[in-house]
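Notes for the one structure printed next.
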């Protein structure tokens, strides 16, 4: 059984590499814009021929770690403003042109980057590129639109954080316990007072500093002809003027020297919850060590056979749900250094945080001394390959992965190489990763329910 | 804010060359329709299999109609769904997960008032294993005592968490408001009912209700559809029934009426939820209604979103969607707004209902919505998972791939007059609904507006 799986997984890894990575084509415009072009696999003997759909994304090398003190949430607010019109496009025009062409759009703000994307029928490729280029060249930032989007963002924060149980858990609540610098610790959604004080002048400065073409990656994937797509990219982005690219600061900081504790009172939560946060190896400089942590996360909580599900959920009935993994926002390889390994669990009021932590620590100790079994490693490798296939069968995921990987790692090709590298993680690597998750350098965040009415409608 | 010198916003928004024209669209390239086999096996199970997509995976969807009148049915059904995949004569819970993982696979069961649903995927080369594990559970689930006990206790806690979510509270209140005691309204079971469920009751429910006749299985991926159907036929040969899986009893039409205000302690934002009667997806008026709905609030470039988000900033998102069940269709409209602007948002939503009916969509609005609807079919079915879910949703309504393939032409044929006709479904008096929020703060303004029942 195990041997068969190992064979299958190597073949699958190779096949995925061939498919996802029909070597993305790459060019850099004179203004510094980096471009990744990733056509569907060339029509071959048994290739089905992709659907007539294209994905377009632009990743700017600025996220919420770069926003200044007093302007928490600004990177995200600015993302909203990029949809509010540009020199050739009135307010609302971007949405109308994308959707009226049969497409979809969105954007999202992360720790180290901000992305904008569209998926369109392939006959709208040039229109999609035009829309991205126009706002990269000359976005129209007005007081009226800024005030409107401050209101919209505040509603977004009420929806996702303030009016619901476990809002911002753990991505907003854990960093201030684990990290000490403003860049790493602050709330990326922003405080209402900071959002309200944002000015048009702030927006102009932010755009001119961070939204230079040389600070961005454009990705075009799907039903495209590479030469034609490259021609259209030159046509629409070629005359976006070059501007200086800011030097990227290091956000590194020392590990905590003692276990850090934090507590958050949640008026909507019916059950207590806990998040444990640990520092990770540098995702770019120490990628293989980082990937050992990715495998560790899967061994700990992916599926009914995983270690912490078995121990804390099914055997000891300590927690209702538990999740472990690399990355603060729910996915690994989404940020540069420093990055966070998180373990989150919701538990009954009758179970103390300490009991949950003891059980987690004893399972980590066991993995650190004995390592995972070969069956566990095979399981993770097979599921990971399969999950990557599924993910990349969705054009939007494939486009965004190529773009963020090119931006963060400088090599979009890495996307296709990951299954092989994950498959190469050894039992010793995982044991070492488990050993490095030490209680004395971690952060513990407790969620304390403060609601007497059990959160229900009265 | 960065200290460096920079241009002003006015300078940034202007270039020497000035505004540029929007590029025209190219010639659309038609998508290739996937090869689909759609058949009913001897045991009464309908199977749809399609070769589709670019990765060596297979997606699985199983729908077993699972309605029940008994007030204890939702609790028993929920425990059944949570424990269906936790043990058989041949496999314990860990073995199931390990066998699936070996082929990169997953299986998950869930239940609602309409159906028991199993969703899964695996490497295409592991399809036989995926089907074997699923068949093992369907024909031989043992519901081990300790698994049922454990899941029951966890469910009680999970239900408490579910009912602390504003969207769950709002959905529950809306269902009760528009359907009263109908089984369709019982989505999240009561914790007290779950606590009473016994292992024997779950086993009995499985024997009585987990039936192939009337159920549907969809497989989409890197598979030969004929071979996939044969594989299902072989794997599921032991799953037999004379009776049919049970569909939901007919739903009464939604009647327009007062919106009910529901108090939620400590709320800083309110959930506005509205519903009106519409037509089934199979109705010939549906394509026109689909376009009318997009113009109203069914996509970002709609009247409702442009009004209450992009103009007034009352909400992060507003939506208008359809809920289809066999033989029925309703309109659902939702928006979440801060307490201080809830009454104003309610007023604007009512205004947009009336405006759609009285000032129907223009040619430009219809064209935009039409293109979005046609493009949406293309993008949403381009992945294996997307096509599998779409086929299952259609199959539940008695439709198949041929409906999907011919729908773009139906959308192209819709006239502006037909959309105007369909827009009449949006007259304000057709709608009823609920508002969930801080009644102490909302009560006064909503009373003043009228058409709202206060707690």
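The values are calculated or read from the model by the stated rules, or taken from the named source; none is laboratory data. No experiment lies behind these values; they were computed from the predicted model shown. With ideal geometry, Cβ positions are generated from the backbone for all residues, glycine too; neighbour counts draw on all protein chains shown.
Would you confirm whether or not the range B:319-330 contains a residue that is buried (at least 24 other Cβ atoms within 10 Å of the Cβ) and under 26 Å from residue B:115 (Cβ atoms)? It would help to see each step written out before you state the result.
Just the residues of the range B:319-330 that are buried (at least 24 other Cβ atoms within 10 Å of the Cβ), to begin with: B:320.
Keeping just the survivors that are under 26 Å from residue B:115 (Cβ atoms) gives B:320.
Yes, the conditions are met somewhere in the range B:319-330.
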| remark: Considering residues that are farther than 17 Å from residue B:95 by Cβ, touching a helix residue (DSSP H, G or I) at 6+ places or on another chain (Cβ under 7 Å) and not in a helix (DSSP H, G or I), the number found within the range B:119-138 is 2
| Out of all the residues in the range B:351-376, which are in a helix (DSSP H, G or I), crowded, with 17+ Cβ neighbours inside 10 Å and more than 13 Å from every other protein chain (Cβ to nearest Cβ)? | B:352, B:353, B:355, B:356, B:357
| query | Looking at B:222, B:258, B:230, which one is within 29 Å of residue B:384 (Cα to Cα) and touching a strand residue (DSSP E or B) at 6+ places or on another chain (Cβ under 7 Å)? | reply | B:222
| request: Out of A:85, A:100, A:55, report the one residue that is in contact with a helix residue (DSSP H, G or I) (Cβ under 8 Å, 6 or more places away or on another chain), crowded, with 24+ Cβ neighbours inside 10 Å and farther than 20 Å from residue A:154 by Cα. | output: A:55
| said: Being part of a helix (DSSP H, G or I), touching a residue at least 12 places away in the same chain (Cβ under 8 Å) and more than 23 Å from residue A:440 (Cβ to Cβ) is the requirement here; does residue A:387 meet it? | reply: no
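In this structure, does residue A:336 turn out to be surrounded by fewer than 24 Cβ atoms within 10 Å (Cβ to Cβ) and more than 19 Å from the chain's Cα centre (by Cα)? Walk me through how you get there before you give the answer.
Details: surrounded by fewer than 24 Cβ atoms within 10 Å (Cβ to Cβ): yes; more than 19 Å from the chain's Cα centre (by Cα): no.
Here the answer is no, as residue A:336 does not meet what is asked.
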| field | Yes/no for residue B:68 being at the interface with chain A (Cβ under 7 Å from one of its Cβ atoms), touching a strand residue (DSSP E or B) at 6+ places or on another chain (Cβ under 8 Å), in a loop (DSSP other than H, G, I, E, B) and in contact (Cβ under 8 Å) with a residue 12 or more places away in the chain | value | no
| message | Among (1) surrounded by fewer than 23 Cβ atoms within 10 Å (Cβ to Cβ); (2) farther than 25 Å from residue B:236 by Cα; (3) free of Cβ contacts under 8 Å to residues at least 60 places away in the same chain, there is one condition residue B:54 misses while meeting the rest; what is its number? | response | (1)
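Among the residues of the range B:36-53, which ones are outside any strand (DSSP E or B) and away from chain A (no Cβ under 14 Å)?
Here is the first cut: in the range B:36-53, the ones outside any strand (DSSP E or B) are B:41-45, B:52-53.
Correct list: B:41, B:42, B:43, B:44, B:45.
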| query | Restricting the search to the range A:150-176, which residues are more than 29 Å from residue A:271 (Cβ to Cβ) and within 7 Å of chain B (Cβ to nearest Cβ)? | reply | A:151, A:152
| task | Return only the number of the condition from (1) in contact (Cβ under 8 Å) with a residue 40 or more places away in the chain; (2) within 11 Å of chain A (Cβ to nearest Cβ); (3) surrounded by fewer than 23 Cβ atoms within 10 Å (Cβ to Cβ); (4) touching a strand residue (DSSP E or B) at 6+ places or on another chain (Cβ under 7 Å) that residue B:158 does not satisfy. | result | (1)
| task | Can you confirm whether the range B:76-85 contains a residue that is within 11 Å of another protein chain (Cβ to nearest Cβ) and modelled with pLDDT of 95 or more? | result | yes
| note | Matching residues in the range B:191-209 (in contact (Cβ under 8 Å) with a residue 60 or more places away in the chain and surrounded by 17 or more Cβ atoms within 10 Å (Cβ to Cβ)) number 8
| Test: residue in the range A:356-378 that is buried (at least 24 other Cβ atoms within 10 Å of the Cβ) and modelled with pLDDT under 95 | no
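Does residue A:230 satisfy the condition of being assigned to a helix (DSSP H, G or I), modelled with pLDDT of 95 or more and more than 9 Å from every other protein chain (Cβ to nearest Cβ)?
Values: assigned to a helix (DSSP H, G or I): yes; modelled with pLDDT of 95 or more: yes; more than 9 Å from every other protein chain (Cβ to nearest Cβ): yes.
Judged against the criteria, residue A:230 is a match.
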| task | Out of A:446, A:440, report the one residue that is more than 9 Å from chain B (Cβ to nearest Cβ), touching a residue at least 60 places away in the same chain (Cβ under 8 Å), in a helix (DSSP H, G or I) and closer than 24 Å to residue A:344 by Cβ. | result | A:440
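For the range B:345-359, indicate whether the set of residues that are under 30 Å from residue B:46 (Cα atoms) and either in contact (Cβ under 8 Å) with a residue 60 or more places away in the chain or assigned by TED's automatic domain parsing to the domain that holds residue B:437 (or both) is non-empty.
Of the range B:345-359, the ones under 30 Å from residue B:46 (Cα atoms) are none.
Within the range B:345-359, none of the residues are under 30 Å from residue B:46 (Cα atoms) and either in contact (Cβ under 8 Å) with a residue 60 or more places away in the chain or assigned by TED's automatic domain parsing to the domain that holds residue B:437 (or both).
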| query | What residue, of A:123, A:106, is over 22 Å from the mean Cα position of the chain (by Cα), within 12 Å of chain B (Cβ to nearest Cβ), closer than 29 Å to residue B:372 by Cα and at pLDDT 95 or above? | reply | A:123
| helices (runs of 4 or more DSSP H) contained entirely in the range A:182-223, each with at least 1 residues that are surrounded by 20 or more Cβ atoms within 10 Å (Cβ to Cβ) and outside the structural domain of residue A:55 (by TED's automatic domain parsing) | none
| When you go through (1) in contact with a helix residue (DSSP H, G or I) (Cβ under 6 Å, 6 or more places away or on another chain); (2) in contact (Cβ under 8 Å) with a residue 24 or more places away in the chain; (3) assigned to a helix (DSSP H, G or I) one by one for residue A:412, which number turns out not to apply? | (3)
| Of (1) within 24 Å of residue A:379 (Cβ to Cβ); (2) within 14 Å of chain A (Cβ to nearest Cβ); (3) in contact with a helix residue (DSSP H, G or I) (Cβ under 7 Å, 6 or more places away or on another chain); (4) not in a strand (DSSP E or B), residue B:58 satisfies all except one. Which? | (4)
| Does at least one position in the range B:7-19 carry a residue that is surrounded by fewer than 21 Cβ atoms within 10 Å (Cβ to Cβ), part of a loop (DSSP other than H, G, I, E, B), away from chain A (no Cβ under 14 Å) and touching a helix residue (DSSP H, G or I) at 6+ places or on another chain (Cβ under 6 Å)? | no
| task | Taking the options A:298, A:257, name whichever one is surrounded by 24 or more Cβ atoms within 10 Å (Cβ to Cβ) and at negative phi. | result | A:298
| task | For residue A:242, work out the one condition from (1) assigned by TED's automatic domain parsing to the domain that holds residue A:158; (2) under 30 Å from residue A:122 (Cα atoms) it doesn't fulfil. | result | (1)
| Restricting the range A:126-149 to residues that are part of a helix (DSSP H, G or I) and under 10 Å from residue A:81 (Cβ atoms), the residue that is nearest to the other protein chains (Cβ to nearest Cβ) | A:148
| request: Within the range B:91-125, track down each residue that is more than 7 Å from every other protein chain (Cβ to nearest Cβ), more than 27 Å from residue B:56 (Cβ to Cβ) and more than 28 Å from the chain's Cα centre (by Cα). | output: B:92
